[in-house]
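Here the structure comes first, spelled out in structure tokens, and everything after it is commentary.
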Amino acid sequence: MTSAAAPDSAVRLSRRDLLAIDDLTRAEAIALLDRAERFAPLLSASVKKLDTLRGRTLINLFFETSTRTQSSFELAGKRMGADVVNMAVRTSAMAKGETLIDTAATLNAMSPDLLVVRHASSGAAALLARKVSCSVINAGDGQHEHPTQALLDAFTIRREKGRIEGLTIAICGDIAHSRVARSNVRLLTLLGARVRLIGPPTLVPASAARWGVEISHDMRRGLEACDVIMMLRLQLERMQGGLIPSQREFFWFYGLDEDKLRLAKPDALVMHPGPMNRGVEIDSRVADDPRVSLIEKQVRNGVAMRMAVLEALACSRTTGETEP
Amino acid sequence: MSAVHIVNARIVDPATAFDGPGEIAFDAGAGVILSVGSKAKAPRGAIVIDAGEHMVCPGLVDLRVVIGEPGAESRETFKSAGRAAAAGGVTTLVQMPNTDPVIDDVSLVDFVLRRAEARTEVRILPAAALTRGLKGEAMTEIGLLAEAGAAMFTNADAPIADSRVMRRAMSYATAFDALVAHRPEDPTLAPGGAMHEGELAARMGLPGVPCAAETIMLGRDLALAELTGARLLVDMISCAESVSMLARAKSKGVKAYASVSVHHLGLNEMDVAGYRTFAKLSPPLRSEADRLALIAGLAEGVIDVIVSGHDPRPAEDKRLPFDEAAPGAAALETLLPGALMAYHAEMIGLLPLLSAMTLKPAELLGLPQGRLAPGAPADLILVDLGAPFRLDADKLLSKSRNSPFDGKLMQGRVLRTYVGGAEAYVASSAHTGREGLG
């Protein structure tokens, strides 16, 4: 098993920030997955806390509301022993007209060690990273990337399937507006999976053909021989925006139900980054079937994966710098 | 098995480019062609029909027919349209979705398919609206409609002004390889226009529709077809410049196809002289130079399809001052003789001309019709190509009898029409040759 090879100490990363999957080398990504494997058993232990990051400060800066990702980072930080501060933007100075760069300067003055950022604009995390002196983790920037989600997805797949290389993984639905899809395409192809993007042409960028993936607009055919089916959330405003004609048509052609699931491999597993639109992109009978659905495991694994990322960024940084 | 064996015929099949003396046999019960060639193998007991050296070719496939059912049954019903189509040699027709209610929902596609089948032998396939209510705002359920049997998607006579809506609908349609038909007409330049904008319109004191109204929208649609990869049928072009634009797009590999109405091949702006509202059409009849360019475009294969553009109007819509009269004409029965005018004038060969009314439209819809091949549906017509007549619009079988060809000398009469092996039409003059059991 992979856990046998898990490192005993923090992974060393060459970059200060994790803004996109391209910040990681293949070896670093694998090392992070191995390290998360070490943390996973802790989550079911009665005492869940380590002190690796004791004295370090993690700021969660969420310009978009998020339940899952924010609490996952918060828990990961606390379990590593860090002090965690949540900054919800609606109650912060941004609501009073402060710019993103002003906020960055303010936060920087507080000398955090790790800054976890979610923002509605693509590239916002990178902009922030240029203005602060701590490590920045992109927890979702617009339609660009959400690298820790891809890492936890890869971690979950590897735990269930024992490998990633050689698997056929379908990512289905609204690819065009999905940061989860972009990060997953980069990471899963980096790790040797065969990735297939499935969705209506209005929700799959035509140029995605150059991402080293297969594209299918016919879900029934696209699911053939798939080991893993990753569903994406369909934002309801896509419909009002005229990208698809109706919910019922979307569900009929691109919603994952038991009929379509049968077209994939018999042992195919289903994932969803949440929150789900039941009856739009996924049928409840699939989402709630513990034999095929990894959706709860994704959440559980998310904490372990983020512990590994926080540790790696915090520890990589101290090596080259003097402690105060 | 009840079989029919047509002998002593001139067999013309655009699918194989065969044009020569021959025979054809088909199973009238199963509705499929059994054998075709210089000698056809027919089962014993087949009914033998002597074609009298007249032409047998595939039944016509007409991609643009307005029927008033549901909603305007006084204009045309499935029954009356089917009768006119069979007499005109049209064995498959596509109904435009601009009915009341608009064909923009699965239940209406289903209604048309079931109702038409019960009312006529001719095959009537509904085109579904490309946008809900033909309003040009939100695309219809293209996938569900296609599965229900919609032959293609079009906004009929209401071109989509919003380029983003058009782009998304075209892009979405590619998932189902759906054919998107769109009339290129700028919705701000064309309205109010009554005829082709030119010297004649100026002299007659009528507001015109410039060719630019067509080419502006055509340019956009071709660019979107290139961007999205959609299959675009440019619906009823009328201008010479449009032919050049299409040729350019096709040479780049854009999946663009074009249709032309039979009126624009046979008539020009002079036909509205005297304020003849029967010749008021949309798009309007253009200049003679445009007409010649359209025929040349057809001969070169730049234009793929000839449609009737059948849009019958009751007399009360036409007996009005020219600018108030409704555009449109009954055309199912004049599709073949109208198109043959260019053949008789030796401007185009018979095979390419017929191909544009049989094989090519069938291929665009993915239908097995449009060819005389064993196993193909026995949708075929027997035609006296040379038979001269003067069109008397009052004798048309359509419910509304307005035709811009009224009074014109034409050639080409359909003698018999078979749809799925069943006789859908026999001309009174068809009983000339011998007919009996073989």
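The values are calculated or read from the model by the stated rules, or taken from the named source; none is laboratory data. Owing to the predicted nature of the structure, the values given are computational and were not obtained by experimental measurement. Quick reminder, even Gly has a Cβ in these numbers, built from the backbone with ideal geometry, and neighbours come from all protein chains shown. The accessibility values were calculated without ligands, DNA or RNA, using every heavy atom of the protein model including side chains. Shrake-Rupley method; radii C 1.70, N 1.55, O 1.52, S 1.80 Å.
Structure summary
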| item | result |
| --- | --- |
| Binned Cα-Cα distance frequencies in the protein assembly as shown - 20 Å width, integer % | 16, 37, 25, 17, 5, 0 |
| Chain A - share of DSSP beta bridges that are antiparallel (%, nearest 5) | 5 percent |
| Free-standing Cys residues across the protein assembly as shown, given no other cysteine C-beta under 4.7 angstrom | A:C134, A:C172, A:C226, A:C315, B:C57 |
| Value of relative contact order over chain A, rounded to a whole percent, pairs C-alpha under 8 Å and six or more apart | 20 percent |
| Packing-based ranking, highest mean first, of B:419-426, B:43-50, A:145-152, A:30-37 given that Cβ atoms within 10 Å are counted | A:145-152, A:30-37, B:419-426, B:43-50 |
| Radius of gyration, Dmax [region B:230-325; alpha carbons; angstrom] | 14.7, 47 |
| Scattering curve values for region A:131-249, log₁₀ I(q)/I(0), Debye with Cα scatterers, q = 0.14, 0.15, 0.23 Å⁻¹ | -0.60, -0.68, -1.36 |
| Spherically averaged projected area in nm², based on the convex hull that wraps the Cα atoms of region A:1-86 | 6.8 nm² |
| DSSP bridge orientation in the protein assembly as shown - percent antiparallel, rounded to nearest 5 | 35 percent |
| Distant-in-sequence amide H partners of B:S35 (H built 1.01 Å from N, under 5 Å) | B:A25 |
| Dipole of chain A, positive direction: furthest Cα of A:G173, A:H119, A:A312, with charges on the beta-carbon | A:A312 |
| Peptide ranges A:171-177, B:376-382 listed from the most packed, as the mean C-beta count within 10 angstrom indicates | B:376-382, A:171-177 |
| Helix-only [θ]222 nm of chain B, DSSP H runs n ≥ 4, -39500 (n - 2.57) each, per residue, nearest 500 | -8000 deg cm²/dmol |
| Space enclosed by the convex hull of the alpha-carbon atoms of region A:36-89, per residue, Å³ | 81 Å³ |
| Full-extension gain in nm, B:A17 to B:E324, via 0.36 nm per residue minus C-alpha separation | 105.9 nm |
| Dipole in debye (nearest 20) - region B:58-365, about Cα centre, beta carbon charges: Lys, Arg +1; Asp, Glu -1 | 280 debye |
| Beta bridge orientation in chain B: antiparallel %, DSSP, nearest 5 | 50 percent |
| Dmax and Rg, reported as Rg then Dmax, of region B:316-413 (C-alpha, Å) | 16.1, 53 |
| Buried solvent-accessible surface, both chains (A, B), 1.4 Å probe, Å² to nearest 100 | 1300 Å² |
| Accessible area of chain B belonging to carbon and sulfur atoms, whole % at 1.4 Å probe | 51 percent |
| Chain B - convex hull of the alpha-carbon atoms, volume per residue in Å³ | 123 Å³ |
| Three principal axis lengths of region B:278-360 [C-alpha, angstrom, descending] | 40, 25, 20 |
| Rg in Å to one decimal, and Dmax rounded to a whole Å, for region A:183-290 via C-alpha atoms | 13.5, 37 |
| Whole-Hz ³J(HN,Hα) from phi, Karplus 6.51 cos²θ - 1.76 cosθ + 1.60, for region A:11-25, glycine and proline x | 6, 9, 10, 7, 9, 6, 10, 10, 9, 7, 4, 5, 6, 10, 8 |
| Cut-off 13 Å between beta-carbons: net charge of the residues surrounding A:E224, Lys and Arg +1, Asp and Glu -1 | +4 |
| Pairs of Lys in chain A closer than 24 Å at Cα, counting only those 8 or more apart or on different chains | 11 |
| Convex hull projection area averaged over all views, chain A, Cα basis, nm² | 16.5 nm² |
| Shielding by partners, peptide A:166-175 (average Cβ within 10 angstrom, other chains) | 0 |
| Cut-off under 5 Å, modelled amide H: who pairs with B:R64 long-range | B:V94, B:S308, B:G309 |
| Over 18 Å [Cα-Cα, region A:33-169], rounded percent | 60 percent |
| Translational diffusion coefficient (Stokes-Einstein; Kirkwood radius from C-alpha pairs) of region B:127-232 at 10 °C, 1.306 mPa s, in µm²/s | 110 µm²/s |
| Total lysine pairs whose alpha carbons fall under 27 Å of each other in region B:287-438 (8 or more apart, or interchain) | 5 |
| Scattering profile of region A:97-176 at q = 0.11, 0.13, 0.23 Å⁻¹ [log10 I(q)/I(0), Debye over alpha-carbon scatterers] | -0.41, -0.54, -1.04 |
| Charge sum, other residues only, whose C-beta stays under 9 Å from B:G420's C-beta, Lys/Arg counted +1 and Asp/Glu -1 | -1 |
| Ranked packing of B:149-156, B:129-136, A:272-279, most packed first, by mean Cβ within 10 Å | B:149-156, B:129-136, A:272-279 |
